[in-house]
1. So how far apart, in nm, are the two label points at A:Glu127 and B:Lys167 if each is 7 Å from Cα heading toward Cβ?
2. Let a ≥ b ≥ c be the square roots of the eigenvalues of the Cα gyration tensor of segment A:15-85; is it rounded (a/c under 1.5), or, if not, prolate (a/b larger than b/c) or oblate?
3. Which order do peptides A:151-157, B:95-101, A:29-35, A:162-168 fall in by mean Cβ count within 10 Å, highest first?
4. What are the label-to-label distances in nm, one decimal and shortest first, from B:Glu34 to the same spot in the other copies, with labels 7 Å along Cα to Cβ?
5. Report, in whole Å, the centroid distance computed from the Cα atoms of segment B:34-55 and segment A:80-136.
6. Picking from A:Asn143, A:Asn198, A:Asn182, which is most flexible by a Gaussian network model of chain A using Cα springs under 10 Å?
7. Looking at the square roots a ≥ b ≥ c of the eigenvalues of the Cα gyration tensor of segment B:91-203, which shape do they give, rounded for a/c under 1.5, prolate if a/b is larger than b/c, or oblate?
8. Scan chain B for the residue whose Cβ is closest to the axis carrying it onto chain A, then write down that distance in whole angstrom.
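Every read-out reported here was derived from the displayed coordinates using simple, explicitly stated rules and does not represent laboratory data. In this text the structure is predicted, and so the values were computed from the model without any measurement. Virtual Cβ from ideal backbone geometry, glycine too; neighbours counted across all protein chains shown.
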2 protein chains.
Amino acid sequence: MRKRKNSSSKKYFSPETIKRLSLSLRNLKKLKEEKVEIISSDKLASLLNVSSAQFRRDLSCFGKFGKRGVGYKIDRLIKELEDILGVKEEWKIALVGAGRLGEALIEFEGFSKFNRKIVYAFDIDKEKIGKVIKGVKVEDMRNLKEIVKRENIKIAILCTPADSAQKVAEELVSAGIKGILNFSPVILKVPPSVFVTNVDMACELEGLIFLLKNEGS
Amino acid sequence: MRKRKNSSSKKYFSPETIKRLSLSLRNLKKLKEEKVEIISSDKLASLLNVSSAQFRRDLSCFGKFGKRGVGYKIDRLIKELEDILGVKEEWKIALVGAGRLGEALIEFEGFSKFNRKIVYAFDIDKEKIGKVIKGVKVEDMRNLKEIVKRENIKIAILCTPADSAQKVAEELVSAGIKGILNFSPVILKVPPSVFVTNVDMACELEGLIFLLKNEGS
């Protein structure tokens, strides 16, 4: 769920489109490793489990693609998608809540592949402060504002327990964070200038169970 | 992303609706703990960051609600939502890949609140096999089929490294698993009778960055 849509005058790309393009990029890179050079949109779409019409629509949103039937040069497509997604730009990320989930996210290979780097972790737990997880130092939450400002960090991953999530979100906003990837099962209240994307694992599981149950009966 | 829609003759509820209702239930339970007894749909919708029209539409999907302006008795609403979501039914879950993310998910309080229980974890790593994480035993992957069948487990959480995800998915399907919550950054190929819900953390982050970038520029 998104807090609000992009309200600029530019064309609006849905977060769903962006997610599909990210997935395409990952798959294309894998194909490149396997020395594949050309791919049809049908083939690529089938890798993504979307219709090829949907896939072409996604790409045509950006006005750079749309040749039908010819197939795409994988190298060129990777470059275009990297431009669209801004993969060459490094984004520094702060992570709050260095528990097990936090540690798992610091180690998660999926972020670094996109040139997104968790540069600092924060916690209030004295046992955790000072630890270094895969090269990422766990700092005292009291230093959040100073470090976020100094390092010009705009994005944070929030994975604290539910009880403290709202308070932490407020601290993040006050430190200058503009986007929060929220893993805590809480709807955060933030100012309209801040984006929140919720990764709600429990709700995803409920959605799956519901499908299963109604299919099975 | 959903592998396919519910193809039964019953009314189709979108996974998005189910996710919102799950979230509503969680919020209602919190309000109940705070001794609130009645809530207006406007208030509830604002807790969920959806319009009150959207929220009433969600509920009216199920044909049990729809009184406007009166407000909902929280107890009754909790009961109805629990019925719809099937929260009273316990669902047993197998988790494959007992790394850091796996451990974090075993400890994740969000699942157990909905009466969903990870009953076994599986791994191929001898260092992990035999460990007990919060009461959940890590079993040898070789015992997957036997245990899944014996315990009649229908749902699995897949959090292995990307390289082994497809192979593991095939083993899950062959063991009788009908729904997979997939945390690995891979599109799984499974038969049409099996549902897959992807929790793609890297793509979520890309979506967030894209919003931020286009807002900021």
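1. Here the answer is 3.6 nm between the modelled labels.
2. Values: a/c = 1.30, a/b = 1.19, b/c = 1.09.
Judged from the Cα gyration tensor, segment A:15-85 comes out rounded (a/c under 1.5).
3. Working: A:151-157: 19.6, B:95-101: 23.4, A:29-35: 12.0, A:162-168: 16.3.
The most tightly packed comes first, giving B:95-101, A:151-157, A:162-168, A:29-35.
4. Those label-point separations list as 5.1 nm.
5. 34
6. Top of the fluctuation ranking is A:Asn143.
7. Numbers: a/c = 1.22, a/b = 1.15, b/c = 1.06.
Judged from the Cα gyration tensor, segment B:91-203 comes out rounded (a/c under 1.5).
8. Residue plus distance in Å, as requested: B:Ala104, 2.
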